[in-house]
Every structure is written in structure tokens, then in C-alpha cells.
1. Any idea how many residues of the stretch 54-83 are closer than 17 Å to VAL115 by Cα and either part of a loop (DSSP other than H, G, I, E, B) or modelled with pLDDT under 90 (or both)?
2. Report yes if VAL243 is in contact (Cβ under 8 Å) with a residue 60 or more places away in the chain and either touching a strand residue (DSSP E or B) at 6+ places or on another chain (Cβ under 7 Å) or among the charged types (D, E, K, R) (or both), otherwise no.
3. Since ARG62 meets every condition but one in (1) of a type in the set (Lys, Arg); (2) over 30 Å from GLU218 (Cβ atoms); (3) in contact with a strand residue (DSSP E or B) (Cβ under 6 Å, 6 or more places away or on another chain), which condition does it not meet?
4. Inspect all residues belonging to the stretch 186-200 and state whether any of them is part of a helix (DSSP H, G or I), under 21 Å from SER128 (Cβ atoms) and over 22 Å from the mean Cα position of the chain (by Cα).
5. Have a look at GLY255, GLY234 and point out the one that is assigned by TED's automatic domain parsing to the domain that holds VAL284 and under 14 Å from ASP191 (Cα atoms).
Amino acid sequence: MSGNQGILLETGTNELEVLEFYVDHPSVDGKSTERSRFGVNVAKVMEVVEAPADLEPEGTDRHPALMGTIPLRDLALPVVDLGRWLDLHRTPTPNENIIVTRFNNVVTGFLVTGVIQIHRVNWQDIESPGKVMSNMPGNCITGSMVIDGNFVLLIDLERALAELDETGTLEDDSDSADTGGEGRKVLLADDSTSVRALLSQRFDKAGFEVQAFMNGQEAWEELLQLRDRAEEQGVPVTDLLDVVVTDVEMPRMDGYTLTRQIKDDSTLSRLPVVLFSSLIAGDVAHKGEAVRADLQVTKPDFNNLTTKVMELIESRK
């Protein structure tokens, strides 16, 4: 099974394909086995392979979810026990699966009990986890939905890799934060709690006034109010906001759809829009171009993001 074999989606239609999978684990009372269902964007999935029967935890002082590496053609594939990372204590079974993913320019395998199928869904049908859960430290759920009568949770795999990466991908580096954004205003949209917090910190340290939202729908509603204020005051919308920085994957409205709607609006189209996503790479850059994004930056390039945004703002003057 490969993510490239799914139905081709037109950019900006607010649709995605979700690979549904599950983790079997002991029930709360320990007397039975329960099944928890999860989903991941097919755009992040390279393929699904069967897990080797002799796959064991790494057995080092590093994170207990690390299972070491397995050979996959010309790769030494690092494998993460997703159930253990989620504190579900996965119940080992024969013929388990490894979901091979690629995002943030990193290839990783996630061990799960099994894979069900690919579903085509609309971001509008995916609910945000709620502001309380979304703002909790350590939250790893970015959305939820009901598929064929089953409750399915979308997992923040970027957070999993950040926690397992000794380089500290999602750590804030105050010394590398830019300055020079004083008087600038940025609107951020990202469904990942950790990424949203880090982006807010970095832009704040650079001098920006920051508004942050957990999905594209909330950001769009704020932009509509901003448009009305600009029209009432008789000023360009760029007097009230300098730039929009948005993730691609978000519940309710994704970043491609948000960008397209901004650029289709006669007033808001003057705003520069930056796509900041783990899915942006050479082979999918055309999707951002199709919705007329002004700039595309690949996660986790946090260090250069504020610099690139300030350069974009200056170039639009």
C-alpha cells in the first residue's frame, strides 16, 4: 500500500486522504484488549510493510518507543513503537505493520497493530481537539472524526519525531531568534500545539505582534473581520496585517484552501501568504503555487522562517 496510489486530489478543495490504522492495547481493567483507531494524512505515507517477527525495543537509555532500525531496500529505517509513544502499551500480535512515512525530509517507520484502509474525507468533517486539549503541553492529537461509525484520532507525528530527535527540532533557540519585526503584525494558523507555541515565541521575539489560530477556519473568520475593518476605515488591509503564515494540514479548513480564499478575495489578496509545512517538498511545491502562495517554507526550518517572512514583507512594499 502506498500513499501515491490514492485518488488524486485537486489543490484547495479542502479534502485529504487519511490512512486509518489501529493499536490494540489492554483495557483499563486489564481484563481484555481494546482497539484504538488513528489516522495519518496519506501525503505523509510512502508505504506500509509487515513488521519483522523479531523486532524488539532498542534497549538503550533513549526513548523506550525507539525500536532500532530495519533494512528497507537501500535504507536503514528507524522504527518507532507508536503505541508505546502514546502510552497505550501495545499488545504484540503476529503480522503487525510498519507505516513508512516521509515528512520534514525524514523517513521514519511507525509500528502499529494493523492498517485498515484509505478514506477520502473533508477537513470540514475533522473536529479540532478543543482549545483546552490543544493548549495542553504534550498534546499529540490534532483532530478527530467519525469514519464508518468509528472514532478516529489524527496523530501529531511531527511531535513524536521532535520528542525522539536528540537534536531538539522543536526546541526554542533564543539566541537564533531574529529581530527587526517591530511594528509588524502576523497571523499564524497551525493545528499543532507545540509548533503554534514555538512560532508565536519566535515571531514575538522578532518584534511581531502575533495572532495565532488552531485551524484555517478560525483564521479565515478573523481575516473576514479584518477585511471589514479595513473597508470601514478606508485603508489597505496591509495597514492592519502584514503577513499570514499557515500550516497545510489543519482541521475544518486546510492551508491550501485558506490561501486560495485569501487570494480570491479582492481585498485580502494583497496580503502575502506563507505556507509552512512538513509536506512542502520539491515534488509538491506546485500545490502551493496553484493557490498562489507567496512563499513556501519546509518544516522544521524554524531558524530561517522569520528572516524569510521579513524579506517577503519588504519585497512587497
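1. The first filter runs over the stretch 54-83 and keeps only residues closer than 17 Å to VAL115 by Cα, leaving 79-83.
With either part of a loop (DSSP other than H, G, I, E, B) or modelled with pLDDT under 90 (or both) added as a condition, the list becomes none.
So the answer is 0.
2. Yes, satisfied.
3. In the conditions (1) of a type in the set (Lys, Arg); (2) over 30 Å from GLU218 (Cβ atoms); (3) in contact with a strand residue (DSSP E or B) (Cβ under 6 Å, 6 or more places away or on another chain), ARG62 misses (3) alone.
4. If we filter the stretch 186-200 for residues that are part of a helix (DSSP H, G or I), which is where we start, we get 193-200.
Now restrict to residues that are under 21 Å from SER128 (Cβ atoms): 193-200.
Right, trim to over 22 Å from the mean Cα position of the chain (by Cα) and you get none.
Looking through the stretch 186-200, none of the residues is part of a helix (DSSP H, G or I), under 21 Å from SER128 (Cβ atoms) and over 22 Å from the mean Cα position of the chain (by Cα).
5. It is GLY255.
The values are calculated or read from the model by the stated rules, or taken from the named source; none is laboratory data. All values derive from a computational prediction rather than experimental measurement. With ideal geometry, Cβ positions are generated from the backbone for all residues, glycine too; neighbour counts draw on all protein chains shown.
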